[in-house]
1. Go through segment 264-274 and give me each residue that's touching a residue at least 24 places away in the same chain (Cβ under 8 Å), away from the ligand (no atom under 16 Å from the Cβ) and either surrounded by fewer than 17 Cβ atoms within 10 Å (Cβ to Cβ) or outside any helix (DSSP H, G or I) (or both).
2. Restricting the search to segment 277-334, which residues are open to solvent by 10 Å² or more (accessible area, probe 1.4 Å), farther than 30 Å from G21 by Cβ and either within 16 Å of the ligand (Cβ to nearest atom) or outside any helix (DSSP H, G or I) (or both)?
3. For segment 72-92, give me each residue that is open to solvent by less than 20 Å² (accessible area, probe 1.4 Å), away from the ligand (no atom under 16 Å from the Cβ) and part of a helix (DSSP H, G or I).
4. Go through segment 298-322 and count every residue that is under 20 Å from the mean Cα position of the chain (by Cα) and of a type outside the set (V, I, T).
5. Which of the residues belonging to segment 101-111 are open to solvent by 10 Å² or more (accessible area, probe 1.4 Å) and assigned to a strand (DSSP E or B)?
6. Answer yes or no as to whether P354 is in a loop (DSSP other than H, G, I, E, B) and away from the ligand (no atom under 16 Å from the Cβ).
7. Specify the residue that is nearest to P73 (Cα to Cα); the eligible residues are those in segment 195-226 that are among the small types (G, A, S), part of a strand (DSSP E or B) and open to solvent by less than 30 Å² (accessible area, probe 1.4 Å).
8. With the condition kept exactly as written, say whether any residue in segment 339-346 is open to solvent by 30 Å² or more (accessible area, probe 1.4 Å), more than 17 Å from F64 (Cα to Cα) and within 14 Å of the ligand (Cβ to nearest atom).
Amino acid sequence: MKLAVVVPDGLADFPVKVLGGKTPLEAAKLPNLHALAGRSILGTVCTVPAGMYPGSDICCLNLFGYDPKQYYPGRAPLEAANLGLVLKPGEFALRCNLVTADGHVLKDYSAGHVSTEEAEILIREIQKHLGSDRFGFYPGKQYRHILICKTDGPLEVEMDAPHDFQGQSYERHWPRGRDAQMFIELTQKSREILEHHAVNHKRARAGKGKANMIWLWGGGAAPVIETLQQKYGIRGGVISAVDLLNGLGRYLDMEIITVPGATGYFDTDYRAKGEAAVKAIDRLDLIFVHVEATDEAGHSGLVDEKVNAIEQIDEHIVGPVLQRLQKEPEWRMFVSPDHYTPLEKKTHVAEPVPFIFAGHDVRQGSGLPYTEKTARSTGVRIEKGNELMESLVHGWRF
Ligand SMILES: [Zn+2]
């Protein structure tokens, strides 16, 4: 049995005026997706559990077949995993931003988008002075780094995200709770180490913001999660340009397939992603292809880019993957966005998303094209997003 999942991130949308009241999905030319929907099961699926944020990591965890309420480990453990730091029991990961502080004000959560090269020097300096058996600082990309902290039990600390209080006194946003003090001290010491570092003198001379302090937030412990092999008895691979999703793939022990030219943006190489997916089907039971471009277009409010991205996914990914699968006697596939990223809202919205479920054993088709409206009209609705993967592996059961 060969299985495939295609996730056009943020694909689903509301009607758009300049498209004559159509959604991008309705306006795009999609020969493969529409034909597939016609001979497959069409419906909607709830990917965002009540009370959770409609982030791609949470929604995709659901589409990977894991209930986020039970399994979501938090952002930092996923980002750590993407750096190759898969957390062990007793380890706690925190996001470590490089920020610009001015007096007691947090001026910039990204330290003027400090470069990865400069950041690496600064984080290694922090590690030299503040690293210990207990604390390890690891450089990531630009302003986004990781602190891994060893603990005896669960940490009790609440922390604020720095992009939420720019321009305010950071002392009013210090970590709170029983274990907060050590993180406050690390932050204060980082200022002493970084303020007069050569990298920052150079940045200041060039009129750029100094990366003169760290800010810790977004922590989480090692997730207790079964691998895809343990949970479903299958060997899977993931193709995505997004760090958080690759981190998730590592915890699930999936093969992380990097595709040259896959950028996570409109200029991504759709054809290369499709070809990599087709090749991966030869050696794996499941391939999970995630495309970020549709979401980026939604965030930017770019109508034409969103329509074009969907058409590219149809032609270069859905088409070839489907062709390859149909050479097998037994196969299944689903196509589903993780969430809505409506052009008019420019942000994620928690709504049930339209999906197509296809396979050798799907006997009756919907007879409909693939749109938000047609998916709602069938009345097929899956309340728990992880059940789509259950059906992919074990057969449709609704
Ligand atoms: Zn997004």
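The values are calculated or read from the model by the stated rules, or taken from the named source; none is laboratory data. Only a predicted model underlies this, so the values are computations on that prediction, with no experimental measurement involved. Reconstructed Cβ throughout: ideal geometry from the backbone, glycine too, with neighbour counts over all protein chains shown. Keep in mind that these areas ignore ligands, DNA and RNA; they rest on the heavy atoms of the full protein, side chains included. Shrake-Rupley method; radii C 1.70, N 1.55, O 1.52, S 1.80 Å.
1. The initial filter retains those residues of segment 264-274 that are touching a residue at least 24 places away in the same chain (Cβ under 8 Å), namely 264-266, 268, 270-271, 273-274.
Of the ones still in play, those that are also away from the ligand (no atom under 16 Å from the Cβ) are 270-271, 273-274.
Once the filter is applied, which keeps residues that are touching a residue at least 24 places away in the same chain (Cβ under 8 Å), away from the ligand (no atom under 16 Å from the Cβ) and either surrounded by fewer than 17 Cβ atoms within 10 Å (Cβ to Cβ) or outside any helix (DSSP H, G or I) (or both), segment 264-274 yields only R271.
2. Across segment 277-334, the qualifying residues are D285, Q326, K327, E328, P329, E330, W331, R332.
3. A76, P77, A80, A81 - these are the residues of segment 72-92 that are open to solvent by less than 20 Å² (accessible area, probe 1.4 Å), away from the ligand (no atom under 16 Å from the Cβ) and part of a helix (DSSP H, G or I).
4. Step one: of segment 298-322, the residues under 20 Å from the mean Cα position of the chain (by Cα) are 298-301, 306, 309-310, 313, 317.
Subset that is of a type outside the set (V, I, T): 298-301, 306, 309.
Residues flagged as under 20 Å from the mean Cα position of the chain (by Cα) and of a type outside the set (V, I, T) within segment 298-322 amount to 6.
5. Our first condition is that a residue be open to solvent by 10 Å² or more (accessible area, probe 1.4 Å); within segment 101-111, this holds for 102-105, 107-109.
Across segment 101-111, the qualifying residues are D102, V105, K107, D108.
6. Working: in a loop (DSSP other than H, G, I, E, B): no; away from the ligand (no atom under 16 Å from the Cβ): yes.
The answer is no for P354.
7. From segment 195-226, those among the small types (G, A, S) are 198, 204, 206-207, 209, 211, 218-222; that's our starting set.
Cutting the leftovers down to part of a strand (DSSP E or B) gives us 218-221.
The next check asks that each one be open to solvent by less than 30 Å² (accessible area, probe 1.4 Å); those that pass are 218, 220.
Numbers: G218: 10, G220: 6 Å.
Among residues in segment 195-226 that are among the small types (G, A, S), part of a strand (DSSP E or B) and open to solvent by less than 30 Å² (accessible area, probe 1.4 Å), the one nearest to P73 (Cα to Cα) is G220.
8. Step one: filter segment 339-346 for residues open to solvent by 30 Å² or more (accessible area, probe 1.4 Å), giving 344-346.
After this cut, where a residue has to be more than 17 Å from F64 (Cα to Cα) as well, the list is 344-346.
With the extra rule that they be within 14 Å of the ligand (Cβ to nearest atom), the set shrinks to 345-346.
Yes; the residues of segment 339-346 include at least one that is open to solvent by 30 Å² or more (accessible area, probe 1.4 Å), more than 17 Å from F64 (Cα to Cα) and within 14 Å of the ligand (Cβ to nearest atom).
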